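Please read the structure below before turning to the comments.
The values are calculated or read from the model by the stated rules, or taken from the named source; none is laboratory data. The model shown is predicted, which means the values in this text are computed figures rather than measured ones. We place every Cβ from the backbone using ideal geometry, glycine too, and count neighbours over all the protein chains shown. Each accessible area value is taken on the protein alone, full model and side chains, heavy atoms only, with ligands, DNA and RNA left out. Shrake-Rupley method; radii C 1.70, N 1.55, O 1.52, S 1.80 Å.
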Amino acid sequence: MEITVYGPLRSATGEKTVSLAFDGDTVADAVEAFVDAYPRARGHLYDGDELRPSVRISLEGNRVALETPCPADASLTVVPAVQGG
């Protein structure tokens, strides 16, 4: 799986796009696998155990829900919560 990240997530990954071994299931599982691989990303994406409402996930360029099926060879884009004014 290929994951492209934006904003402060780059400090967690060190790169704009990273490759991640993922067996496939749902988008939620893919995000969890991403956070397992890059633990510093958790605070940008989660509030406790829940994904922050302002986090945006796209699968193959289309915004999707967390329960959407996600194949192992998918391309995800993750835009973290943005704060400020």
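How big is the equivalent ellipsoid of the chain along its three axes, where each semi-axis is √(5λ) from the Cα gyration tensor, reported in whole Å from largest to smallest? Kindly include the intermediate steps, with their values, before the conclusion.
Values: eigenvalues 67, 40, 29 Å².
Semi-axes, largest first: 18, 14, 12 Å.
Give me the net charge of Arg40's neighbourhood, meaning all other residues with Cβ under 14 Å from the Cβ of Arg40; Lys, Arg count +1, Asp, Glu -1. Don't skip to the end; give the middle numbers.
On the way: positive: Arg10, Arg42; negative: Glu15, Asp36.
Every neighbour counted, the sum reads 0.
With angles folded into 0 to 90 degrees, how steeply does helix 27-37 sit against the dominant principal axis of the chain? Use alpha carbons for both and round to 10.
It is inclined by approximately 70 degrees.
Probe of 1.4 angstrom, ligands and nucleic acids ignored: what's the accessible area per residue over the chain, in square angstrom? Numbers along the way, then the final one.
Details: 4870 Å² over 85 residues.
Heavy-atom accessible area per residue stands at 57 Å².
In whole percent, and with a 1.4 Å probe on the protein chains, what portion of the accessible area of the chain is carbon and sulfur?
Details: 2260 of 4870 Å².
Of all accessible area on the chain, carbon and sulfur atoms account for 46 percent.
Using the Cα centre as the reference, give the magnitude of the dipole from point charges on the C-beta atoms of the chain (Lys, Arg: +1; Asp, Glu: -1; all else neutral), rounded to the nearest 20 debye. Spell out each step's value before the answer.
Working: 7 positive and 13 negative charges, 112 e Å.
Result for the chain is approximately 540 debye, rounded to the nearest 20.
Taking 0.36 nm per residue of separation and subtracting the Cα-Cα distance, what length does fully extending Asn62 through Asp23 add? Don't skip to the end; give the middle numbers.
Details: separation 39, 0.36 × 39 = 14.04 nm, distance 2.06 nm.
In short, 12.0 nm is gained.
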